[in-house]
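A.B. asks: Next up is a structure, given as structure tokens.
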Amino acid sequence: MAETLQQLILDTLESSSTIKDTRTLVIPGQSDPAASQDAQIAILGALNSLFSREMITYDTHETLSHVLTPEGAQLVLEGSHEARVWAALPVKGEGTPVTPLELKSRVGDETAKVGQGRAFKSGWIAKEGSGLVKSALTITDTTQLDLREVDSTGTLQSGEKVLAELRKRKLIVQRKGQWFSVRKGANFSTSTAKPETDLTVDMLTSGAWKTSTFKKYNFEAEGIPTNGGALHPLLKVREEIRNIFLEMGFEEMPTSAFVESGFWCFDALFVPQQHPARDLQDTFYLSDPSTSLEPPSDYYKRVSEVHQNGGYGSLGYRAPWSHEESRKLLLRTHTTASSAAVLYKLAGKCRGKKVDDEALDSTTGGSLAATDDGFRPAKMFSIDRVFRNETMDATHLAEFHQVEGVVADRNLTLADLIGFMRVFFKKMGIENLRFKPAFNPYTEPSLEIFAFHPYLNKWVEIGNSGMFRPEMLEPMGLPKDVRVLGWGVSLERPTMIRYGINNIRTLVGHKTSIENVESSPAVRF
Ligand code: PHE
């Protein structure tokens, strides 16, 4: 139908160059006259389709037409009330006049009531005793004829007065209508072949493009998403946290060593060699190569000494020391291993040695000048990956990211640690903090950090912190009054909370959807 109409419009334009009024179109195989609103609506669809291809242009004209009400439609079929009343009566002098009661039972209450008055007025019926008879031998049911005309043309030749009367009788209602005048468009042709949507190599080589019709650009259409790179949510949150540290004057520590030795990951941190965290169940060890290079020898001696026999006011662990344990290579279980290496370098000038590592030097080489004993304060941070041999579940993977802040200065106290953490977490939008005493082999005191989670409506553990032990700091060569505080948080937890993710596997790993990564919004704490 749609195609036939389009063809009809094009053919009509071809022969008569314009269509002044679409109501005059002769639609083949359609019993409905083109003037009907339904036909005009179908024509409009065809016009729009041709217009989008610039084959035609058209103007819209509004009309007011009339349609029958259900009652009007009934009268077309059965005749008007007055005609039915007339038909139900005997001709005067030829039968028993019909009483009003009898008339009601013959034509129905409504018809008898409305019809009598109108039939009297037209002189069709008359009273005869207490009954009614026909006073005209023939009648013309103009109401029925008028309604029929309205039904087929939407209006009446006889004019507005009668239309108004029929409206008053609720037999017809007004309806807004449309019709159209049509002209040829820039791409006029009588062929409705589907326009091309793309200019192809084939069309260019064959020359078919010269005669093809092309579909108009739709500038309202949504584009195809571009497939450029996108930052993973973890990277976005990492960037935000990095900015918080930088705002607070912290410098980033180098953390490129994913593989560490037992010495730097545990021994230097005064973690006993028998500690369960060093078990195969908790830590991934390397098999090839399986052992590290030798650690700095003097420092190594001091570390093994404090473990076995104590010193710096400590009793030590008084347990046998294993050189093999110390040299085992492993995937670092925390970034504190990297912090220990940086602190060792920081203590270099205090040990009276020249620091040879340029990269570390620039990391810890802030504006604060070193004092006589070679120490200068430092505020440092890192955000990087760590590995634990854990059973994986919805919130744990065998690898994740740690965020770590470390501050070294003379005479720092626990209040400084809490103060730094309050500022740091406040910048992340977390103001409600609680601290709980905890244990770490390398810090004393140690504090677990809890935050009130507004969505979960409960306190959740968000990190771990403490003042590094003298058993860790003094063997490095840091002066006795230098205190180092530190705290660690995972990067995954705030990211999952931020993005409303409750299964870590949708954030990291092969089940992550690239679409989610690409459409994940930026994070602002
Ligand atoms: N390394 C600790 C952990 O893995 C975090 C921490 C960092 C604790 C610094 C104290 C000081 O949870």
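A.B. asks: Quick query: amide H of Thr291 versus all other amide H atoms, modeled in the peptide plane; which residues come in under 5 Å with a sequence gap of 5 or more or a different chain?
C.D. replies: It is Leu329, by chain and number.
A.B. asks: Using Cβ contacts closer than 10 Å as the measure, can you line up Ile224, Ile43, Ile514 from fewest to most?
C.D. replies: Arranged by neighbour count, lowest to highest, Ile224, Ile43, Ile514 become Ile224, Ile514, Ile43.
A.B. asks: Per residue of the range 205-212, in order, report the coupling 6.51 cos²θ - 1.76 cosθ + 1.60 (Karplus, θ = phi - 60°) as ³J(HN,Hα) in whole Hz, putting x for Gly and Pro.
C.D. replies: 6, 7, x, 4, 4, 5, 10, 6
A.B. asks: Turning to a different aspect of this structure: Could you order the peptides 467-478, 246-257, 268-279 from most to least packed, using the average number of other C-beta atoms within 10 Å per residue?
C.D. replies: 467-478, 268-279, 246-257
A.B. asks: Roughly what % antiparallel, to the nearest 5, for the DSSP beta bridges in the chain?
C.D. replies: 95 percent
A.B. asks: Hey, got a sec? Which trypsin sites (Lys or Arg not before Pro) in the range 458-487 land in a DSSP loop and have at most 14 other Cβ atoms within 10 Å?
C.D. replies: Listed in order of number, the matching sites are Lys480.
A.B. asks: Oh, and also: How high is the FRET efficiency between Gln174 and Gln74 when r is their beta carbon distance and R₀ equals 30 Å, given to the nearest 0.05?
C.D. replies: 0.95
A.B. asks: With a cap of 13 neighbouring Cβ atoms within 10 Å, and only residues DSSP puts in a loop, list the GluC sites (Glu not before Pro) found in the range 140-238.
C.D. replies: Working: sites: Glu149, Glu160, Glu165, Glu196, Glu220, Glu222; in loops: Glu220, Glu222.
Loop-located and lightly packed - Glu220, Glu222.
A.B. asks: Another one. How many angstrom lie between the C-alpha centres of the range 251-322 and the range 369-438?
C.D. replies: 20 Å
A.B. asks: Roughly speaking, what % of Cα-Cα pairs in the range 235-519 are separated by over 25 Å, rounded to a whole number?
C.D. replies: When every Cα pair of the range 235-519 is considered, 48 percent fall beyond 25 Å.
A.B. asks: Going down the list Lys301/Lys480; Lys426/Lys458; Lys379/Lys427; Lys458/Lys511; Lys427/Lys480; Lys127/Lys170, which pairs span over 27 Å between their C-alpha atoms?
C.D. replies: In this structure, Lys458/Lys511; Lys427/Lys480; Lys127/Lys170 lie more than 27 Å apart at Cα.
A.B. asks: Counting just the Cα atoms, what span does the range 81-140 cover along each of its three principal axes? Round to the nearest Å and put the largest first.
C.D. replies: Here the spans come out as 27, 24, 14 Å, largest first.
A.B. asks: Over the range 163-288, with a single point scatterer placed on each C-alpha, what log10 of the ratio I(q)/I(0) does the Debye formula yield at q = 0.13 1/Å?
C.D. replies: -0.93
A.B. asks: Please report Rg (one decimal) and Dmax (integer) in Å for the Cα set of the chain.
C.D. replies: 47.1, 145
A.B. asks: Compute the whole-percent fraction of alpha carbon pairs in the range 367-513 spaced more than 25 Å apart.
C.D. replies: It works out to 37 percent of all Cα pairs.
A.B. asks: Then there is this: For the range 1-102, which GluC sites (Glu not before Pro) are in a loop by DSSP, counting at most 10 other Cβ atoms within 10 Å?
C.D. replies: Listed in order of number, the matching sites are Glu94.
A.B. asks: What is the magnitude of the charge dipole of the chain about its Cα centre, with +1 placed on the Cβ of each Lys and Arg, -1 on the Cβ of each Asp and Glu, and no other charges, expressed in debye to the nearest 20?
C.D. replies: For the chain, the charge dipole is close to 1560 debye.
A.B. asks: Apply the Karplus curve 6.51 cos²θ - 1.76 cosθ + 1.60, θ = phi - 60°, to the phi angles in the range 400-409 and return the couplings in whole Hz, x for Gly and Pro.
C.D. replies: 7, 10, 10, 10, 9, x, 9, 10, 10, 7
A.B. asks: May I pose another question? With n ≥ 4 as the cut-off for DSSP H runs, can you work out [θ] at 222 nm for the chain, using -39500 (n - 2.57) per run divided by the number of residues, rounded to the nearest 500? Present the calculation step by step, with values, prior to reporting the outcome.
C.D. replies: Numbers: 19 runs with 181 residues, N = 525.
It lands at -10000 deg cm²/dmol.
Throughout, read-outs are computed from the coordinates displayed, never taken from laboratory work. Just so it is clear, the model here is predicted, and its values are computed rather than measured. So basically every Cβ, Gly included, is an ideal-geometry build from the backbone, and we count neighbours across all protein chains shown.
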